[in-house]
Amino acid sequence: MNRSILTFDSVAFRYQADGNLVLTNLSLEIPSGSVTSILGPNGVGKTTLLYLALGWLKPHQGKILLDDRRLSDYSRRELGRWMGLVPQTEHISFDFTLLEYVLLGRAPYLNPLDMPGEVDIHIASEALIQVGLENLQHRSALNLSGGERQLLLMARALAQQPRILLLDEPSSHLDLGNKIKLINLIRTLAQQGVTIIFTTHEAELASSVATHLILIKDGSIQETGKLEDVLHTEKLSALYGVPVRVINVDDKRVVVWG
Amino acid sequence: MPTIHSRNLALWGLLTLLILSFIFSLFLGRYPEPGLISPQRIIQDTLAQQLVFNLRLPRIISAVLLGMVLSTAGTIFQMIFGNPLVEPGFLGVSQGAAFGTAFGIIFLGNAAWLIQVTAAIFALSGLALSYFVARRIHFGGWVLRLVLSGIVISALFSAGLGILKYLADPLSQLPEITFWLLGGLWGITWERLSSISIIVVLSLIFLFLMRWRINLLSLNDETSHSLGITPGKERSLLLLVATIATAAVISVSGMVGWVGLIIPHIARRLFGADARYSLPAAMLIGGLFSLFCDDLARVILPGEIPLGILTAFLGATIFLILMIRQTLSIPK
């Protein structure tokens, strides 16, 4: 097994000093180069876990290590080069062109007074090609469909050239065609050595692309490990609290319910 | 969306237009008769020289700086709050300045510089109060909290202004307060201009250099964090600089509304949202607009029209046209 690139050690988190713990005593290791899916029902703390990994939220207890160094020892700009975030949704207030929006992903490589140069524009254009939006690059980001918008956010994260890509419910606005595009894109990135962590409540997405799985419920980890060790009928049924079945179809694991 | 090349070209075009308008305005006035003064007259007539170089020149420079600052600050406020309907007057700044001026006129006598200082101090305290109140509100996001506290602080200052107007001597002090509230550049001298010019020019240069960064600060907090920046700090810094510059110009010009709201809209419509282009465009168009309004204010009638009335009239008219033609894009 590859070494851990991101480690949570007994992490606890709560949003308010006197509030309830959202995550309790959470320990996990994300292997370098893996595609890890954080799977669980709605509202169990999946996004919180992602934002802790990003350094946006600070743990109340425990520590988080990125490449064996404490997350809090990294500067913001260093973290911006290490990790890219694809949020679930994002409100776009002004009519930037797609290229201008993706160019914002170059921020971790630029000083506050710098302007993006030729190289940055080239990288941003490449990112748009990767997600298949290159034909729209001079169009307004306000006029995109939900699926295109998600791909745009993906392109911006790719322009950061991150070693770890964090995706929050990446398939939530995608139709089947775009979902398959997303899965292929995740596979390509994984082949290039990018570690991918994504949250989802859809077991199908996790089973089709993840190499590792983290099952999370009520703020703590139920199971963690390789996909084939974790994706089982009993474990998923316990996770969602409803009967589901994991069956093999053409050598692929498929989750069915009802 | 226009290409990068055409946008750069258009910016140079605007700069050229501003310089030409500047020179034109220098010759424009009501001496010796309404219209343009001839260059020979300036060379021969010492009164004309005094008029052009000691009254018109500082006034024209002030008009350009005023428009540039209000439009730049407007762009920054709108981008940072992700809301195209805010302007510099928004965080208690304008009402604070108005209160400060009335306070100065009533209690500190007639010294212009003293009134200017109190206006600036109260404008900044408007910002500071809005900021600290926002920090103490325990619900909503940061922008909502600032908006709410800005509204409350403005209301408090405007109530205070009402009391001061009630207390003011109706024959001497009240007209002076009223004129300041109407806004105008008739009192500009080299001395007053130089008292604000360094701070204004430095602020404009700083905000111009930060123009790409402003785009990043229009994103939500977690996204801008993920892009390696510290949104809270950088936003506060930009708002502070924009407010200081605004406080400085309105301390000499009085209340000049609508420029900071309408010009950023026009700039974005013509140049797109990317502040690399829309910010310098807003600066140049703002300078042109305010210079044009001040020219009208000086020339149309024998007695001067307050600049604030003209900018409000023209600004509201343009806004109305933009709204009716549905070219105003405001996210729901």
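The values are calculated or read from the model by the stated rules, or taken from the named source; none is laboratory data. Computed from a predicted model, the values in this text were never measured in an experiment. Virtual Cβ from ideal backbone geometry, glycine too; neighbours counted across all protein chains shown.
Might you let me know whether region B:317-331 holds any residue that is of a type in the set (Gly, Ala, Ser) and within 27 Å of residue B:97 (Cα to Cα)? Working first, answer last.
Taking region B:317-331 and keeping what is of a type in the set (Gly, Ala, Ser), we get B:329.
Of the ones still in play, those that are also within 27 Å of residue B:97 (Cα to Cα) are none.
No, because not a single residue in region B:317-331 is of a type in the set (Gly, Ala, Ser) and within 27 Å of residue B:97 (Cα to Cα).
Answer yes if at least one residue in region A:76-93 is outside any strand (DSSP E or B), more than 7 Å from every other protein chain (Cβ to nearest Cβ) and hydroxyl-bearing (Ser, Thr, Tyr), and no otherwise. Scanning region A:76-93 turns up at least one residue that is outside any strand (DSSP E or B), more than 7 Å from every other protein chain (Cβ to nearest Cβ) and hydroxyl-bearing (Ser, Thr, Tyr). Among the residues of region A:119-151, those identified as among the charged types (D, E, K, R) and either closer than 21 Å to residue A:107 by Cα or not in a helix (DSSP H, G or I) (or both) are A:120, A:126, A:134, A:139, A:149. Screening residue A:76 with (1) modelled with pLDDT under 95; (2) farther than 30 Å from residue B:75 by Cα gives one miss only, at (2). The residue that is farthest from the other protein chains (Cβ to nearest Cβ), counting only those in region B:224-233 that are crowded, with 22+ Cβ neighbours inside 10 Å and part of a helix (DSSP H, G or I), is B:224. Residue A:118 fulfils the conditions (1) within 13 Å of another protein chain (Cβ to nearest Cβ); (2) buried (at least 23 other Cβ atoms within 10 Å of the Cβ) except for a single criterion, (2).
Might you check whether a residue that is away from chain A (no Cβ under 14 Å), polar (S, T, N, Q) and crowded, with 21+ Cβ neighbours inside 10 Å occurs anywhere in region B:75-84? First the steps, then the outcome.
Looking only at region B:75-84, we keep the residues that are away from chain A (no Cβ under 14 Å), and these are none.
Looking for residues that are away from chain A (no Cβ under 14 Å), polar (S, T, N, Q) and crowded, with 21+ Cβ neighbours inside 10 Å, one finds none in region B:75-84, hence no.
Just one of the listed residues (B:185, B:217, B:193) is within 14 Å of another protein chain (Cβ to nearest Cβ) and touching a helix residue (DSSP H, G or I) at 6+ places or on another chain (Cβ under 6 Å), and it is B:217.
Here residue A:65 meets each of (1) farther than 20 Å from residue A:222 by Cα; (2) within 14 Å of another protein chain (Cβ to nearest Cβ); (3) of a type outside the set (D, E, K, R) with one exception, condition (2). The set of residues from region B:256-273 being closer than 16 Å to residue B:92 by Cα and crowded, with 22+ Cβ neighbours inside 10 Å comprises B:256, B:258, B:260, B:261. Sub-6 Å Cβ pairs linking a first residue in region B:1-30 that is away from every other protein chain (no Cβ under 14 Å) to a second residue that is acidic (Asp, Glu), at least 6 apart or interchain, are B:25/B:295; B:28/B:295, ordered by first then second residue.
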